[in-house]
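Asks: Please see the structure below; I have some questions.
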Amino acid sequence: MLKGKTILITGAAGLLGSQVTCAILDQGATVIATDLSISAMTSRLSEIRTIESDSLTLVELDSNNEEAVKKFFSNQVEISGAVNCTYPRNKQYGTSFLDVSLASFNENLSLHLGSSFLFIQQCAAQFIKQQAPMSVVNISSIYGVVAPDFSIYNGTAMTMPVEYAAIKSALLHLNKYVTSFVKDSRFRVNSVSPGGILDNQPTAFLNAYKNSTNGHGMLSPEDLTGSIIFLLSQQSKYITGQNIIIDDGFTL
């Protein structure tokens, strides 16, 4: 579905970003993968597939470095699609709501939502420069759509970070804003909103979460790649400013 296209993946060393990178390579696309460390990307991607490929370029890039991000985009000739899988946060991230300081809250919004703004802004600038179709996919969350179910965290040290809910809900509207601003059918910005992604969570949480779904429970990164590929492809050519929820019924 993506043969002949050049796709940018940011956050490619992450749990989701690495899986998305490999899935898009398997679709025949040329991939530019970025993250803070080339060695981290190499290590993570090698766990999934052989990465020696003429179709893959690894680039060291800090998504919060405005000068570096703008320079990166200025060097691109044409990008057919882009997926933002970055997840920047500070060391206080995940603190219980009443213990979150204003400074920490603001810093996390700046790191995550701020870098997402920069990413979408530069994608829009890239489209205006290249004047060729471009599809952008952001990763939101079910907790950008509905309020958290705090009961599923009972008996664990986990919580649902307030910063996460604020960021992911804002991202959905940012998509609509940019789509409306550019106002060109060839430039599309959409999101996928996954439910929980399996990443060594406690058994008590996994069981409680599964009971709130239709039976599957937590997702694996592979469960998201099909929808992302669909949004990047011409199969979704008039879908824009939208959000696909992937949660096995958790939000029903």
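Asks: Roughly speaking, what % of Cα-Cα pairs in segment 6-246 are separated by over 28 Å, rounded to a whole number? Present the calculation step by step, with values, prior to reporting the outcome.
Replies: On the way: 8804 of 28920 pairs.
Value for segment 6-246 (Cα pairs over 28 Å): 30 percent.
Asks: Quick one: grab the alpha carbon gyration tensor of segment 24-130, order the square roots of its eigenvalues as a ≥ b ≥ c, and give me rounded if a/c is under 1.5, else prolate or oblate depending on whether a/b is larger than b/c.
Replies: On the way: a/c = 2.60, a/b = 1.47, b/c = 1.77.
It comes out oblate by the Cα gyration axes.
Asks: Moving on to the next point. Among Leu224, Leu172, Ile48, which residue has its Cα positioned farthest towards the positive end of the charge dipole of the chain, with +1 placed on the Cβ of Lys and Arg, -1 on the Cβ of Asp and Glu, and the dipole taken about the Cα centre?
Replies: Leu172
Asks: Order these peptides, 13-26, 54-67, by their mean beta-carbon neighbour count within 10 angstrom, highest first.
Replies: Details: 13-26: 23.5, 54-67: 15.4.
The peptides rank, most packed first, as 13-26, 54-67.
Asks: OK, next. Rounded if a/c is under 1.5, else prolate if a/b beats b/c, else oblate: with a ≥ b ≥ c from the C-alpha gyration tensor eigenvalues square-rooted, which is segment 131-214?
Replies: Values: a/c = 3.56, a/b = 2.59, b/c = 1.37.
Since a/c reaches 1.5 and a/b is larger than b/c, the shape of segment 131-214 is classed as prolate.
Asks: Let me know the whole percent of all Cα-Cα pairs from segment 1-60 that are separated by more than 14 Å. Intermediate values should be presented prior to the final figure.
Replies: Working: 776 of 1770 pairs.
So the pairs more than 14 Å apart make up 44 percent of the total in segment 1-60.
Asks: Go through 138-151, 28-41, 234-247 and give me the packing order, highest mean Cβ count within 10 Å leading.
Replies: Numbers: 138-151: 17.8, 28-41: 20.1, 234-247: 15.5.
The peptides rank, most packed first, as 28-41, 138-151, 234-247.
Asks: Report, in listed order, any pair from Lys210/Lys237; Lys91/Lys237; Lys91/Lys129; Lys176/Lys210; Lys5/Lys183 with a Cα-Cα distance greater than 28 Å. Don't jump to the answer; show the numbers that get you there.
Replies: Details: Lys210/Lys237 34 Å; Lys91/Lys237 40 Å; Lys91/Lys129 38 Å; Lys176/Lys210 32 Å; Lys5/Lys183 22 Å.
Violating the 28 Å limit, Cα to Cα: Lys210/Lys237; Lys91/Lys237; Lys91/Lys129; Lys176/Lys210.
Asks: Round to a whole angstrom and tell me the spacing of the C-alpha centers of segment 1-35 and segment 198-250.
Replies: So the separation of the two Cα centres works out to 18 Å.
Asks: Moving on. With each label point set 7 Å from Cα along the Cα-Cβ vector, what nm distance links Leu109 and Asp62?
Replies: Those two pseudo-labels are separated by 2.3 nm.
Asks: A further question on this structure: Under a Cβ-only charge scheme (Lys and Arg +1, Asp and Glu -1), can you give me the dipole magnitude of the chain about the Cα centre, in debye to the nearest 20?
Replies: Values: 16 positive and 20 negative charges, 145 e Å.
In total the dipole reaches around 700 debye.
Asks: Computed FRET efficiency, Cβ-Cβ of Arg186 and Thr159, R0 25 Å: what is it to the nearest 0.05?
Replies: In this case the efficiency is close to 0.05.
Asks: Additional query: For segment 127-227, which trypsin sites (Lys or Arg not before Pro) are both in a DSSP coil and crowded by at most 15 other Cβ atoms within 10 Å? List each step's numbers first, then the result.
Replies: Working: sites: Lys129, Lys168, Lys176, Lys183, Arg186, Arg188, Lys210; in loops: Lys183, Arg186.
Hits after loop and neighbour filter: Lys183, Arg186.
Asks: Going by average Cβ neighbours within 10 Å, how do the peptides 90-101, 213-224 rank, with the highest at the top?
Replies: Details: 90-101: 13.3, 213-224: 16.3.
Peptide ranking by packing, descending: 213-224, 90-101.
Read-outs throughout are calculated quantities, based only on the coordinates presented, and are distinct from any laboratory measurement. Please read all numbers here as calculations on a predicted model, not as lab measurements. Cβ sites come from the backbone with ideal geometry, for glycine too, and all protein chains shown count toward neighbours.
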